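Below you'll find the structure, written out as structure tokens, and then a few comments.
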Amino acid sequence: MAKPQIEELRSEALQTIDSATRELIIAAKTVYNTPETGFNEFQTSKFVQQQLQALGYVVETGIARTGMKAILRGSKPGPTVAVIAELDALRVPAHPGADPETGAAHACGHHAQTGAMLGVARAMNTANIQDSLAGNLAFIVTPAEEFIEIQDRLALRDAGEIEFLSGKQEMIRLGSFDDVDMTMMVHTSAGNGGAGLNIGGTSNAHVSHQVRYIGRSAHAGGSPDQGVNALQAAMLANSAINSQRETFRESDVVRVHGILSRGGSSVNAVPDDVLYEGRVRARTVDEIEPIADQVIRCYRAGALAMGASVEVQEIAGYHDLIQDPTLQKMFVENSELILGRDSINVVPDDQTQGGSTDMGDLSAIMPVIHPYANAATGVGHGHDYLVEDYYRAVVAPAKVLTATVLDLLGNGAQKAKEALAKSKPRMTREEYVSTQRTRFRTETYDPD
């Protein structure tokens with residue numbers, strides 16, 4: 001009996017996804033209703049594990065606390081393609097889906113990724129399809145894409161539970177991607193015209209700062225002259241940072257922002273221990289360095305003006321996202337084939353969005369794509385960000401991802417091999433881990 005052709009297998013897989021539409025959307029909404037922040041996604045992780053196991057997968061769990069991995073093995077050896085889903089939520093207490101106790105909410109649409117990934121897992125898990133694959137398909141579920149709750153994550157780091165502060169960073173370090181050759185995922189987005197999907201462009205790299213100002217406490221009314229106001233030092237530093245903005249080149253797509261996490265302990269005492277959290281973003285890691293130096297100079301200036309001490313802890317953030325052109329072309333072709341010629345918008349390669357993702361870290365060591373499904377309304381990370389079109393967010397991405405995997409690993413994995421031959425990763429996994437470790441450093445500046 002002749003083996004089914006790719007076209008037949010694609011049709012079979014897409015029918016499987018169509019028949020499971022309701023279940024996939026329910027899975028995504030279940031994750032939406034149990035929002036948990038990074039490295040704390042225990043309920044979500046358990047649910048996704050159970051869903052994969054129900055499809056017959058053997059699931060490795062507890063990776064980087066809540067991450068997991070399952071592998072569908074083809075009948076012949078070849079490359080491994082990974083489809084990724086992110087587990088975590090943000091803290092947006094005013095969001096309608098927020099947990100009333102924690103304030104966690106899926107205000108970035110990560111919950112939809114679970115539904116899409118499960119769609120691929122369901123569609124690919126047939127004897128016909130497995131027999132056609134030259135290589136493997138990995139399903140990798142990652143924690144902590146949102147780079148938040150830094151103090152909590154530093155505590156986990158000090159306790160030896162993690163080393164790097166995001167899920168994909170940590171899973172790279174732990175070796176979860178050592179047997180993976182290329183990765184893909186689809187994120188939700190709001191707007192972007194009539195197209196259901198968009199792909200292309202880059203995202204910013206970033207570095208995080210934990211800035212602790214140490215002053216001297218005194219009675220704020222009776223003897224303020226005896227104190228050293230650490231809060232004023234932080235406020236002066238923030239003003240100094242704002243005065244630097246006209247020096248940033250537009251081509252570097254610089255974003256500098258921060259919050260005051262601890263402003264003092266009592267209103268009637270001069271604040272003596274203040275924590276400012278800063279973030280510096282730019283188009284590449286190299287372009288961040290001189291800007292971060294400017295910002296650190298501002299931290300020091302605030303301390304110097306008030307006679308306070310300042311401790312600046314630099315924390316390795318994300319690398320810039322570079323999407324693989326060969327994978328991108330295949331994804332576009334499959335989107336047009338399955339969803340229609342106007343279904344996808346291609347963003348120019350030189351267009352950089354201001355945000356960041358740890359898919360950028362993966363793109364430093366292997367080919368990746370990170371398309372967006374235009375299925376939401378509102379503003380990302382805002383209280384009004386809601387996935388409204390679950391077909392666009394879950395079902396359509398599952399179909400296009402599935403078809404792209406079939407193209408990559410079918411026909412002897414010829415297309416996957418061609419993509420790998422053209423790809424030129426910026427560094428090896430070992431070089432990546434070493435580089436990230438050098439991006440952690442702490443310096444203290446005293447007024448004397």
Next on the checklist: For the pairs Lys46/Lys417; Lys69/Lys422; Lys46/Lys415; Lys329/Lys424, flag any whose C-alpha to C-alpha distance is greater than 24 Å.
Outcome noted: Lys46/Lys417; Lys69/Lys422; Lys46/Lys415
Next on the checklist: Just to be sure I understand the model, the point goes 7 Å from the Cα along the line to the Cβ. What's the resulting Tyr391 to Glu289 distance in nm?
Outcome noted: 5.1
Checklist outcome for this item: Length gained, Thr442-Arg216, 0.36 nm per residue minus C-alpha separation, equals 79.2 nm
Next on the checklist: Running a GNM on the chain with Cα contacts under 10 Å, which residue among Thr326, Thr44, Thr247 ends up with the highest mean-square fluctuation?
Outcome noted: Thr247
Checklist outcome for this item: For the Asn242, Leu304 Cβ pair and Förster radius 22 Å, calculated FRET efficiency rounded to 0.05 is 0.80
Checklist entry - Efficiency by 1/(1 + (r/R0)^6): what FRET value for Gln130 and Ser265, r their Cβ-Cβ distance, R0 = 60 Å, to the nearest 0.05? => result 0.50
Next on the checklist: Run the paramagnetic zone check for Gln353: 7 angstrom along Cα to Cβ, then residues of the range 101-125 with backbone nitrogen under 13 Å.
Outcome noted: 108-110
Checklist entry - With springs only between Cα atoms under 10 Å, which of Ala138, Ala155, Ala373 fluctuates most in a Gaussian network model of the chain? => result Ala155
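First measure r as the distance between the Cβ atoms of Ser434 and Ser11, then evaluate 1/(1 + (r/R0)^6) with R0 = 56 Å and state the FRET efficiency to the nearest 0.05.
Here the calculated transfer efficiency is 0.75.
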Item to check | In the range 6-86, the GluC sites (Glu not before Pro) that fall in loop regions by DSSP, at most 12 other Cβ within 10 Å | outcome: none
Checklist entry - Extent of the range 205-317 along each principal axis, from alpha carbon coordinates, in Å, largest to smallest? => result 51, 24, 18
Checklist entry - Using a Gaussian network for the chain with springs between C-alpha atoms less than 10 Å apart, which of these wobbles most: Ala305, Ala416, Ala116? => result Ala305
Checklist outcome for this item: Which of (1) 87, 27, 15; (2) 44, 22, 20; (3) 33, 26, 23 is the computed semi-axes √(5λ) of the Cα gyration tensor in Å? It is (2)
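Every read-out reported here was derived from the displayed coordinates using simple, explicitly stated rules and does not represent laboratory data. The shown structure was predicted, so the numbers you read here are calculated from the model rather than taken from an experiment. Positions of Cβ are backbone-derived with ideal geometry, glycine not excepted, and every protein chain shown enters the neighbour counts.
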